[in-house]
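Data block below; observations after.
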Amino acid sequence: MSKLETGVNATANDCYTLTAVALHWTTAVLVISAAVLGIYMHELPFSPTKLRLYSYHKWLGVTIFLLALIRLAWRSAHPAPALPSNMPSWEKNAARGGHAALYAFMLCVPLIGWVMSSAHGFQTVYLGVLPIPDLIGKDKELAEVLEKVHAAFSLSFMALVALHAAAALKHHFIDRDNVLRRMLGLRGLP
């Protein structure tokens, strides 16, 4: 077995950079927080609390969008480590496709939310300080359609996040390879 397959004596080339690890876990926490907050606030009756939670949700969305752009820029200069050589090609293709889809969702879900908020006539003011321009004018019918699209994309995103986590756990507990350890920042540990 290679060092990559066992995780023993992994080199820096076998692991993600510490910046990539930090960006990954920060994004993961924010994505899950935005999803939980979105589900919770949606069912609340209209109130000042609900409006405040919507602002927090939008701030999370903007931050996720910006982090996705930063992650893509970082990835372009720091490629991901190679997948284990004994991994079947279908699984490597699924991993690549899954990662591409995760990045697409990190960009699309906040963008749809931004357009939806614009269509509702509620400007996003990032962190309560920085007004972000509306992308479109107020349009109630479009806003209602975009609510459904945002919800569907968000649920699909969460399903993909769950699948991503399950795949990482499968690699760790069943395949016993280095795939999860390298994203945990555990360099050279079995």
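This table checks each residue for (1) touching a strand residue (DSSP E or B) at 6+ places or on another chain (Cβ under 9 Å); (2) over 24 Å from A162 (Cβ atoms); (3) polar (S, T, N, Q).
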| residue | (1), (2), (3) |
| --- | --- |
| P88 | no, no, no |
| K92 | no, no, no |
| A95 | no, no, no |
| V109 | no, no, no |
| S117 | yes, yes, yes |
| F122 | no, yes, no |
| G137 | no, yes, no |
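Looking across region 33-74, the residues that are more than 25 Å from V129 (Cβ to Cβ) and either buried (at least 16 other Cβ atoms within 10 Å of the Cβ) or hydrophobic (A, V, I, L, M, F, W, C) (or both) come down to I39, L72, W74. Of the helices (runs of 4 or more DSSP H) contained entirely in region 82-190, those carrying at least 2 residues that are crowded, with 16+ Cβ neighbours inside 10 Å and at pLDDT below 95 fall at 179-183.
Evaluated against (1) modelled with pLDDT under 95; (2) more than 17 Å from the chain's Cα centre (by Cα); (3) outside any helix (DSSP H, G or I), N13 falls short on exactly one condition, (3). Among residues of region 100-140 being free of Cβ contacts under 8 Å to residues at least 24 places away in the same chain and within 22 Å of the chain's Cα centre (by Cα), the one that is farthest from L60 (Cα to Cα) is A100.
The values are calculated or read from the model by the stated rules, or taken from the named source; none is laboratory data. All values reported here derive from a predicted model rather than from experimental measurement. FYI the Cβ positions are ideal-geometry reconstructions off the backbone, even for glycines, and counts take in every protein chain you see.
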